[in-house]
Amino acid sequence: MRITRPLRFGVAIAALSIVATACGGGEEARTISTSAESGNLIVGIKFDQPGLGLRNPDGTFSGFDVEVAKYVAGKLGVDEANIEFKESPSAQRETLIENGEVDYIVATYSITDTRKEKVGFAGPYFVAGQSLLVREDNTDITGADSLNDGKRLCSVTGSTPAQNIADEYPGVQLQPFDTYSACVEALRNGTVDAVTTDDIILAGYAAQSPGQFKVVGEPFTTENYGIGLNKDDTDGRNKINDAIEEMVSSGAWEQAFNDTVGASGYTLPAEPTVDRY
């Protein structure tokens, strides 16, 4: 006589889960509205961008992106104390959204057609432009036109600026790192000649190290920063767009900019216009 051993509890649960999924009983995809109704949100930001998204030594977070994220959360009915901030490096942003690890991302996230194939965007909530950061004593790099062959340029893996350089300046030695803070350290110790990303990000690093770095040249791209979210969450995108528009019209957007980025000397740009695609 064959004796069948009873399933262990964990295995039994897994088996039931497989059956439920096969029968169409799996969980629905995470949406911003359902998360907000629970009273909690997981929001992706950068942890290493002064003035935009920065994790401070005491564990708190500061910057313009952080203020935008908190304002949106408030309009969704979630108190800022109930926001869990999750680090979202450039190369991981689409994956974090697709896997449901975050509700939305506010991390200097340029809206592009390629990214729209994987994720949705609300916004833009800010318009920046790509530029260059060099050491204060550098005199031969004055802007994009001076990026001749042999220059060592650092940007971040998976970022729009890195792709722009690869496409438009093939003679430059592009050295991609995981984070912009790592690029800045490489610039500081002379491993690279310049760092490239959006001007507002570079302004924050220059302000963080007075007398060591400077931003040079005019911006040579236009970067529309969006709030990334699940591609199919149309309701969530509409609610975030409503929040962005209210933040701008109420004056809270300008106040947040002045309180965070303003100290770097970066000029307040024109107010963004939400694109409800």
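The values are calculated or read from the model by the stated rules, or taken from the named source; none is laboratory data. Because the structure is predicted, anything quoted here is derived from the model rather than measured. As a convention, Cβ positions derive from the backbone with ideal geometry for all residues, glycine included, and neighbour counts pool all protein chains shown. For accessibility, only protein heavy atoms count, side chains too; no ligands or nucleic acids. Shrake-Rupley method; radii C 1.70, N 1.55, O 1.52, S 1.80 Å.
Values as computed for the structure displayed
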| item | result |
| --- | --- |
| Virtual spin-label span in nm between K75 and T273, 7 Å along Cα→Cβ | 1.8 |
| Length gained when the stretch T34-A182 is fully extended (0.36 nm per residue, less Cα-Cα span) | 49.6 nm |
| Pairwise FRET efficiency - Q208 versus D58, Cβ, R0 = 22 Å, nearest 0.05 | 0.85 |
| DSSP-defined antiparallel bridges as percent of all bridges, the stretch 43-122, nearest 5 | 45 |
| Whole-percent carbon and sulfur share, accessible surface of the chain, 1.4 Å | 48 |
| Alpha-carbon Rg/Rh ratio, for the stretch 55-213, with Rh computed the Kirkwood way | 0.99 |
| At most 16 other Cβ within 10 Å, DSSP loop - GluC sites (Glu not before Pro), the stretch 79-136 | E101, E117, E136 |
| Length released on extending from V248 to S146, taking residue separation times 0.36 nm less the Cα-Cα span | 33.1 nm |
| Stokes-Einstein diffusion coefficient of the chain, Kirkwood radius over Cα pairs, 25 °C, 0.890 mPa s, in µm²/s | 122 |
| Antiparallel %, DSSP beta bridges [both residues in the stretch 64-220], to 5 | 55 |
| Estimated [θ] at 222 nm from DSSP helical runs (n ≥ 4, -39500 (n - 2.57)) normalised by residues in the chain, nearest 500 | -10000 deg cm²/dmol |
| Distance between modelled label sites at E101 and Q173, nm, 7 Å Cα→Cβ extension | 3.2 |
| Environment charge at L174 (Cβ cut-off 10 Å; Lys +1, Arg +1, Asp -1, Glu -1) | +2 |
